[in-house]
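The structure appears right after this line, and notes come after that.
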Amino acid sequence: MIDLTEAKKVFKEYTSNFRVADQKVDIKIIHTMGVTKIAGYIAREMNLSEEDIHLAEIIGLLHDIGRFEQAVRFNNYNDYETVDHAEFGADLLFKENLIKRFIDDRQYDRIIEKAIRNHNKFLVEEGLSERELLHANIIRDADKTDNFEVKQYQDFISLLGKTEREAEKEKITDRVWKEFLNKTTIISSHRTTSMDCWISYIAWVFDYNYKPGLKYLKENNCVNKVIDRLNYQDIETKEKMEYARNIVNEYISMRLAK
């Protein structure tokens with residue numbers, strides 16, 4: 001049995017110990033609550049069973065659990081400089097038995113663990129069962145969907161290490177732009193400018209598994225709000241972002257029409 005209400009209480013208690021470590025922890029908590037809600041929304045829109053809806057929600061609640069200990073141990077959220085937060089979180093839950101604080105029933109452990117380990121990967125690992133893959137894909141969609149919300153207000157210094165005004169002057173490199181035009185997600189190591197990072201967030205749209213997440217983006221105008229957050233100073237970049245807007249919105253409409 002999954003008791004989401006009790007799990008949220010435990011989550012609140014657990015994260016209350018980390019706020020002194022970094023004020024940015026609060027945005028991780030807000031993100032977690034958003035992902036939990038959207039994961040439930042996606043599962044309901046897919047007409048899944050109540051059991052799988054609750055399972056999707058608990059995975060949403062725990063998907064970024066590694067972020068909080070990461071803040072304390074490393075004072076840094078950059079996975080490339082510290083640890084892969086998905087692997088770190090799954091280890092905390094299933095190697096250090098933190099999972100027992102959130103859910104008593106052990107029958108869901110493998111599904112939860114596989115979903116969390118795969119939620120931030122470029123590709124989902126092979127060999128998952130049908131249900132494991134289902135929940136790995138739901139959390140990946142839910143995580144991206146809430147990140148479209150977060151990118152509308154997240155502090156730019158904490159996000160990219162620069163102010164909005166500084167980022168607005170930069171360009172999208174040819175390599176990243178070509179990847180975007182191919183309608184694929186952007187390989188992180190290929191990004192060299194702030195605008196590379198910014199358009200890589202927009203390119204998340206091309207990695208959605210199920211319609212409900214895309215439906216949420218369209219109904220809440222998320223893509224346009226992220227694009228419109230910046231006042232692009234470079235003419236070429238401004239033109240590219242408008243072109244990107246058209247591509248992505250057309251892509252969403254096409255996916256939803258199928």
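Looking at Asp84, Asp52, Asp91, Asp64 in this structure, which one is among the acidic types (Asp, Glu) and farther than 30 Å from Gly161 by Cβ?
Numbers: Asp84 fails: farther than 30 Å from Gly161 by Cβ; Asp91 fails: farther than 30 Å from Gly161 by Cβ; Asp64 fails: farther than 30 Å from Gly161 by Cβ.
Being among the acidic types (Asp, Glu) and farther than 30 Å from Gly161 by Cβ holds for just one of Asp84, Asp52, Asp91, Asp64, which is Asp52.
Can you tell which of Leu134, Leu159 is open to solvent by 20 Å² or more (accessible area, probe 1.4 Å), part of a helix (DSSP H, G or I), of a type outside the set (Phe, Trp, Tyr) and touching a residue at least 40 places away in the same chain (Cβ under 8 Å)? Before the answer, list the steps.
Numbers: Leu159 fails: touching a residue at least 40 places away in the same chain (Cβ under 8 Å).
Of the residues listed, the single one that is open to solvent by 20 Å² or more (accessible area, probe 1.4 Å), part of a helix (DSSP H, G or I), of a type outside the set (Phe, Trp, Tyr) and touching a residue at least 40 places away in the same chain (Cβ under 8 Å) is Leu134.
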Tell me which residues, restricted to region 34-57, are in contact with an Asp or Glu (Cβ under 9 Å, 6 or more places away or on another chain) and part of a helix (DSSP H, G or I).
-> Gly34, Val35, Thr36, Lys37, Ile38, Ala39, Gly40, Ile42, Ala43, His54
Hits in region 182-198 (condition: open to solvent by 70 Å² or more (accessible area, probe 1.4 Å), under 24 Å from Glu250 (Cα atoms) and either in contact with a strand residue (DSSP E or B) (Cβ under 6 Å, 6 or more places away or on another chain) or without any contact (Cβ under 8 Å) to a residue 24 or more places away in the chain (or both)) = Asn182
Pick from region 58-77 the residues that are part of a helix (DSSP H, G or I) and β-branched (Val, Ile, Thr): which of them is modelled with the lowest pLDDT?
-> Val72
Which is modelled with pLDDT under 95 and over 20 Å from Lys28 (Cα atoms), of Ile103, Ile172, Ile199, Ile187?
-> Ile187
Within region 212-257, tally of residues that are touching a residue at least 60 places away in the same chain (Cβ under 8 Å), small (Gly, Ala, Ser) and closer than 30 Å to Asn47 by Cβ = 1
Would you mention how many residues in region 198-229 are within 21 Å of Thr36 (Cβ to Cβ) and not in a helix (DSSP H, G or I)?
-> 4
Picking from Arg175, Arg140, Arg165, which residue would you name as being in a helix (DSSP H, G or I), open to solvent by 40 Å² or more (accessible area, probe 1.4 Å) and in contact with a helix residue (DSSP H, G or I) (Cβ under 8 Å, 6 or more places away or on another chain)?
-> Arg175
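The values are calculated or read from the model by the stated rules, or taken from the named source; none is laboratory data. On a predicted model such as this, the values are computed, not experimentally measured, just so you know. With ideal geometry, Cβ positions are generated from the backbone for all residues, glycine too; neighbour counts draw on all protein chains shown. Protein only, heavy atoms only, side chains kept; ligands, DNA and RNA dropped before computing areas. Shrake-Rupley method; radii C 1.70, N 1.55, O 1.52, S 1.80 Å.
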